[in-house]
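Read-outs: derived from the displayed coordinates by stated rules, not from any lab. These numbers come from a predicted model, not from an experiment. Reconstructed Cβ throughout: ideal geometry from the backbone, glycine too, with neighbour counts over all protein chains shown.
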């Protein structure tokens, strides 16, 4: 059993399961007045350190956990990446009922720094870090991709100072332009108050009442030529986060000649619940594998 003390907590014993090593409930940050921020790390057995991908869960910024037992996409991402020799860290972050923007972004940046700081002990390569998320997690992935050079968005959570940049990211149906995101959500949610939309809860006010904050919190605002490469995957019938959100981010990247791809999924809604997502998982995993390993 492997056991060692690292910054912000005792890393759990390494659990060996066939072709992988698992670290459960690793504490990557302690913030006074808040719950412990934790991640689960799955590392494929290998003679040398392997790349690592952060999995960032969805949930409208208001629900979710680092435990993939509740999250089908999280389990799928873990399997397709580990099969390609890449570790996966499923990361929990503060939700909108606990902290407004930029709190969740500060948290996932802290998770990146923690993995890089302790990579040698964990068997992951700190120079090859990516991210993959769906919905709210896709938004956070995009924000990681575009804000590596923004000191004011770095925060002081967890391991500091440090590098929170990623080499590449995959965003499935994530918001990217908060000012243009519909305020009421899909009709099935019965949400009639603009101040109760997921984006409003993240910002702490109805989006149209805080335009400057909405812009600052939007990935499209921060795209530069140095932004990390992104793959966007979005359904044409998404009524929760419309396809236009990913198209706006595509346009923002293209304006600055940054690397980006968009896969438009015909007749797919939010969450890809009614389609076979296996081909999209494969393409997304191959994108990250190529960006992180060159293969």
Inset, instruction - Report the extension gain between residue 72 and residue 121 in nm, rounded to one decimal, defined as 0.36 nm multiplied by the number of residues separating them, less their alpha carbon distance. - result: 14.8 nm
Inset, instruction - Beta carbons within 10 angstrom, averaged per residue: use that to sort the peptides 240-251, 100-111, highest first. - result: 100-111, 240-251
Inset, instruction - Calculate how steeply helix 103-117 sits against the longest principal axis of the alpha-carbon atoms of the chain, using the helix alpha-carbon long axis, and give the answer as 0 to 90 degrees to the nearest 10. - result: 20
Inset, instruction - Please determine, in degrees from 0 to 90 and to the nearest 10, the orientation of helix 72-82 with respect to the longest principal axis defined by the Cα atoms of the chain, where the helix direction is its Cα long axis. - result: 50
Inset, instruction - Nearest 5 is fine: what % of DSSP beta bridges in segment 4-291 come out antiparallel, could you say? - result: 40
Legend entry - Whole-angstrom Cα spans of segment 4-291 along principal axes, big to small: 50, 42, 37
Inset, instruction - Take residue 283, project a point 7 Å from its Cα along the Cβ direction, then tell me which residues of segment 199-241 have their backbone nitrogen under 13 Å from it. - result: 231-236
Legend entry - Where a label projected 7 Å from the Cα of residue 259 along Cα→Cβ would reach, residues of segment 272-294 with amide N under 18 Å: 283-294
Legend entry - Protection proxy ranking of 268-276, 202-210 - average other beta-carbon atoms within 10 Å, highest first: 202-210, 268-276
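Relative contact order of the chain, please, whole-number percent, based on alpha carbon pairs below 8 angstrom and at least 6 residues apart.
Computed over the chain, the figure is 16 percent.
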Inset, instruction - Quote the FRET efficiency, to the nearest 0.05, computed for residue 36 versus residue 209 with a Förster distance R0 of 41 Å and r equal to the Cβ-Cβ distance. - result: 0.80
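Hey, can you rank 254-263, 154-163 by average C-beta count inside 10 Å, highest first?
Numbers: 254-263: 15.0, 154-163: 17.6.
With the highest mean Cβ count within 10 Å placed first, the list reads 154-163, 254-263.
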